[in-house]
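Here is the structure we will look at.
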Amino acid sequence: MVGKKDTKGLTAEKDELSQWYTQILQKAELIEYTDISGAYILRPRSYFIWEKVKEYFDDKIKKDGVRNASFPLLIPKSNLMKEKQHIEGFTPEVAWVTKSGNTKLTEPLAIRPTSETIMYPAYSKWIRSYRDLPLRLNQWCNVVRWEFKNPIPFLRSREFLWQEGHSVFETKQEAEKEVKTIQDFYEDVYKEMYAIPVIKGRKTEKEKFAGADFTLTVEAFLPSGKAIQGATSHMLGQNFAKAFDISFLDKNEKKQLPWQTSWGITTRTIGVAIMMHSDDKGLVLSPKIAETQIIIIPIIPKKSEESKIMKKVNEIKDKLEKENLRVDIDDSNNSPGFKFNEWEMKGVPLRIELGPRDIKDNQVMTARRDNKDKQAVKIKDLNKTIPEILEKIHQSLYTKAKKFLKDNTIEVKNMKELKQAIQEKKIVKTSWSGNQDDEEAIKDETGGAKILCITDDNPKGKCVYSNKKAQHTVFIAKSY
């Protein structure tokens with residue numbers, strides 16, 4: 001007879017994706033639902049993740065010369081309509097404010113879906129000469145996009161947090177260099193903070209950002225068999241400069257149009273990390289983004305030993321916190337087994353157990369969340385060994401995710417192989433003609449798999465769909 005699952009832990013396995021993911025979000029105390037579909041409360045454990053990512057990325061862009069600013073949430077409709085391609089891409093997503101109290105507004109205000117159209121009128125005032133360039137600003141804010149029917153916390157929400165960078169350059173070369181640099185920065189965020197490998201490439205014309213010359217992307221492939229867009233960096237060219245009258249006098253006193261970029265990464269990344277690393281026991285996170293990196297669990301078999309054990313537990317906590325590690329103690333009355341399961345589910349990367357025998361041996365017992373490995377560590381060595389273990393956890397998660405990506409990437413030459421690979425929930429590397437009709441046909445005939453990105457413009461061979469001469473090497477998969 002199969003035993004009943006513990007309802008305090010997860011009751012769904014990773015294969016039962018929607019239930020499993022939803023249970024992790026709630027039982028690991030990451031998300032709270034609200035009365036507005038697609039709008040979620042980020043609880044402290046998940047908001048902490050965003051704070052660590054924000055610190056890391058903010059430091060990188062500031063060292064590269066970007067400055068932070070803040071622009072309004074509300075955008076006049078007349079501003080939003082100035083760049084035709086841009087608004088056509090965003091119209092279905094825009095939420096509007098049309099009244100103030102009982103008074104109808106003379107002009108509807110869009111709730112920020114992205115900020116080009118509120119930032120660039122200001123840019124047109126600030127930029128007069130080549131001496132005003134480059135202008136490189138970023139803001140950390142929330143945006144609202146209302147176009148979809150089935151929201152998924154983090155992965156597809158109607159309101160989310162992000163950063164959006166908007167730069168203006170004198171030359172095309174400078175702008176193109178920036179979009180590539182930022183793409184590299186996004187790859188670093190996924191690798192160094194989330195322990196996730198990504199595929200770097202360029203979006204097709206159909207999939208690029210509305211109004212951009214081209215879009216660079218980082219794409220992740222998840223154990224669910226679906227890919228997800230990780231972050232994007234857009235070469236806007238001179239399209240927005242024309243629409244918003246941004247110009248400058250060059251060194252020869254001639255009027256020129258500048259070149260612009262925009263780029264963003266969002267709280268979607270948190271969902272990507274949850275889905276990549278977590279398991280049937282609950283949340284798994286890199287120690288770099290976990291609010292609690294270490295949980296200390298006292299093992300107290302007799303009440304008479306409690307004082308001695310707790311004294312040593314607090315000494316160990318103080319010792320580790322001096323190494324800038326984030327440590328907590330579970331001194332509740334629950335059984336050790338219950339505590340082990342509870343903190344496993346919440347994704348704490350490392351558990352430390354301390355009982356009477358450990359004190360006698362001047363050691364603690366450690367247990368890793370990612371692979372369940374246990375190791376005795378001498379108390380005198382904790383400040384050296386524990387940071388090493390935490391770094392190994394991060395590296396192990398990255399190595400495992402990289403192996404998953406490699407093992408699930410298939411190269412194909414024809415549609416039969418492509419359809420088979422998609423059916424088997426793989427990510428496909430293949431050749432494409434560059435023709436948009438062929439792109440649409442690939443999506444139709446594979447039941448929704450699409451070209452994620454272009455990785456090479458000089459492929460050998462022929463298009464997987466049309467058998468015409470290939471123009472690009474691409475990755476194809478079903479995606480969120």
Any idea which of (1) within 36 Å of the chain's Cα centre (by Cα); (2) in a helix (DSSP H, G or I) is the one Ile296 doesn't satisfy? (2)
Looking at region 212-227, which of the residues that are buried (at least 22 other Cβ atoms within 10 Å of the Cβ) and out of contact with any Leu (no Cβ under 6 Å at 6 or more places or on another chain) is farthest from Leu405 (Cα to Cα)? Thr215
Within region 368-383, track down each residue that is farther than 18 Å from Lys319 by Cβ and either buried (at least 19 other Cβ atoms within 10 Å of the Cβ) or in contact with a Ser or Thr (Cβ under 6 Å, 6 or more places away or on another chain) (or both). Arg369, Asp370
Within the set of pairs 6+ apart or on separate chains, which have a first residue in region 246-267 that is without any contact (Cβ under 8 Å) to a residue 24 or more places away in the chain, a second that is not small (Gly, Ala, Ser), and C-beta atoms under 8 Å apart? Lys255/Phe248; Lys255/Leu249; Leu257/Gln238; Leu257/Lys242; Leu257/Ile246
From the set of residues in region 68-102 that are of a type in the set (Asp, Glu) and either more than 21 Å from Ser167 (Cα to Cα) or surrounded by fewer than 16 Cβ atoms within 10 Å (Cβ to Cβ) (or both), which is modelled with the highest pLDDT? Glu93
When the residues of region 421-460 are filtered to those that are of a type in the set (Lys, Arg) and in a strand (DSSP E or B), which remaining residue is farthest from Ile228 (Cα to Cα)? Lys429
Among the residues of region 384-420, which ones are surrounded by 13 or more Cβ atoms within 10 Å (Cβ to Cβ) and part of a strand (DSSP E or B)? Thr409, Ile410
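Listed here are the residues, each with its yes/no results for (1) at pLDDT 95 or above; (2) surrounded by fewer than 15 Cβ atoms within 10 Å (Cβ to Cβ); (3) assigned by TED's automatic domain parsing to the domain that holds Thr34.
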{"residue": "Ala110", "(1), (2), (3)": "no, no, yes"}
{"residue": "Met119", "(1), (2), (3)": "yes, no, yes"}
{"residue": "Arg128", "(1), (2), (3)": "yes, yes, yes"}
{"residue": "Asn138", "(1), (2), (3)": "yes, no, yes"}
{"residue": "Glu147", "(1), (2), (3)": "no, yes, yes"}
{"residue": "Ser157", "(1), (2), (3)": "no, no, yes"}
{"residue": "Phe160", "(1), (2), (3)": "yes, no, yes"}
{"residue": "Glu174", "(1), (2), (3)": "yes, no, yes"}
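The values are calculated or read from the model by the stated rules, or taken from the named source; none is laboratory data. Keep in mind it's a predicted model, so treat the numbers as computed, not measured. Cβ coordinates were reconstructed from backbone atoms using ideal geometry, including for glycine residues, and neighbour counts include every protein chain displayed.
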